[in-house]
1. Probe 1.4 Å, all protein chains in place: accessible area of T145 in Å², nearest 10?
2. For K68, list the lysines whose Cα falls under 29 Å from its own Cα; do not include residues on the same chain fewer than 8 positions away.
3. Grab the Cα-Cα distance for K154 and Q114, subtract it from 0.36 nm times how many residues apart they are, and report the gain in nm with one decimal.
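The values are calculated or read from the model by the stated rules, or taken from the named source; none is laboratory data. Small disclaimer: the values here were computed from a predicted structure and weren't measured. Each accessible area value is taken on the protein alone, full model and side chains, heavy atoms only, with ligands, DNA and RNA left out. Shrake-Rupley method; radii C 1.70, N 1.55, O 1.52, S 1.80 Å.
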Amino acid sequence: MSRRFVASVCCLIAASVALSACGNARKTLGLEKKAPDEFAVVARAPLALPPDFQLRPPEPGKDRPQEKSTSDQARAAMMGSGGTGYGYGTSQSAGESAFLRQAGADRAQSDIRQVVNRESSTLAEESRTFTDKLIFWRDEEPPGTIVNAEEEAKRLRNSQALGQPVNEGNVPSIQRKEKALLEGLF
């Protein structure tokens, strides 16, 4: 019995040494060190006594008012202390202001987003490739319903003759039929 016990203990020690050399086994067993992520570490503002002693105590879980968010810190690092860099009078030098004036920053369109969206949608419509035309060969149906003009005129005349309001009743519409698989191809 003692030989078996010593042999099993030796095998157990050898297996643990062999497994500790493996990277995944070390991580699984919790033997590997975890270094902190250097990009997740943020500097905290130093503790200071506020000048106004009438302030309310901070609420747990809320952001500190004296700390800037990481996006504000990045903006301040890129654009200078003001952080905006988009306009006149935001701590710009005379050269920067002159450059922006010559570049036309003071004549910027206020509806530029709508202009860009309109132009890009036009370009997207024009850029239908041959493959798109083969795959999506059917034109899209226009949105909305098609009103049956003759039936609607009859309904309005009947409502008027009976003294009912014109917006009462169902508006007759033309139902679009589903196209067959190869319909319109030939």
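1. Counting only protein heavy atoms, T145 exposes about 110 Å² to solvent.
2. K34
3. Working: separation 40, 0.36 × 40 = 14.40 nm, distance 4.27 nm.
Once the chain is fully extended between K154 and Q114, it gains 10.1 nm.
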